[in-house]
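Okay, so here's the structure we're looking at.
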Amino acid sequence: MDIAAPGVTRSLSPQLIYLRDASAPFSLTLRIDGRTVRHELIGRRGEIGLPPLSPGQHEVALDASTSGTWLMNYRYPDESGYLRRMAFRLQEETLRYPVNKREDGQLVGARFYSLGDAGEASTVRVRITPETLNPGPTQEWTHLERHYQVTPTAEEAGVGYVLDQQRERLAHGQPILIDLGRDLPDGPLGVEFSLTSGAPGYIVFHEVLPGEHERTRSFREEGE
């Protein structure tokens, strides 16, 4: 396989993710360019750090005492990969995100990944908490509190995994978008997400700025 990454990289430290149905201990043997690395592991899912590799072509063989799905990063330009996200659990506690409103029409929002089964609804409340409101009449009215009901279908439920939880499965992420109108002054405000009923899930927060913006990619490498 080809191991590659952006930038001038001296060495890479690939990660191997395993996904299984069983939780019993198992053995894993990796042969990387003639070197043998053995692991004794347990659990339905987890992550293993592989030995450092230089960019280029390598021979990797995997032998496990169990069946499962095995995912590895740095497999450019392979398109049949996986997407890994950092998310925050939405259950009892409210999640609050600071936002700096820069212009009218600015969009903020999130993706909610439900832990519920197909047909199990979750109601997510979103509150916008500005420090002040613009005085006087306005032609726009931003709803400061909204409720979203998210119900995964049979095709959407249970398609993703939570790596640090052994049993949780996620539905496809459903978008939640909020526009910040001209009735809200520019400057700092808060956006709060809370679960009012139904199955818990995970939130990935994001901002959407209108107009055309340069797309950038970042990559960190550590030299000797």
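The values are calculated or read from the model by the stated rules, or taken from the named source; none is laboratory data. Keep in mind that what you see is a predicted model, and the values were worked out from it rather than measured. Backbone-built Cβ (ideal geometry, glycine too); neighbour counts: all protein chains shown.
All but one of (1) over 15 Å from A110 (Cβ atoms); (2) over 17 Å from the mean Cα position of the chain (by Cα); (3) hydroxyl-bearing (S, T, Y) hold for Y161; state the number of the condition that does not hold.
The failed condition is (2).
Counting only residues that are of a type in the set (D, E, K, R) and assigned to a strand (DSSP E or B), which one in segment 40-99 is nearest to A171 (Cα to Cα)?
Filtering first and then ranking leaves R89.
Any idea which of Y113, Y82 is of a type outside the set (D, E, K, R), surrounded by 13 or more Cβ atoms within 10 Å (Cβ to Cβ) and modelled with pLDDT of 90 or more?
Y113
Tell me whether segment 167-174 contains one or more residues that are surrounded by 13 or more Cβ atoms within 10 Å (Cβ to Cβ), among the small types (G, A, S) and over 15 Å from S197 (Cα atoms).
Yes; the residues of segment 167-174 include at least one that is surrounded by 13 or more Cβ atoms within 10 Å (Cβ to Cβ), among the small types (G, A, S) and over 15 Å from S197 (Cα atoms).
Could you figure out which of (1) under 17 Å from A110 (Cα atoms); (2) in contact with a Pro (Cβ under 6 Å, 6 or more places away or on another chain); (3) in a loop (DSSP other than H, G, I, E, B) isn't true of P152?
Every condition holds for P152 apart from (2).
For the list (1) surrounded by 12 or more Cβ atoms within 10 Å (Cβ to Cβ); (2) without any contact (Cβ under 8 Å) to a residue 40 or more places away in the chain; (3) not β-branched (V, I, T), I need the number of the one condition that R38 fails.
(1)
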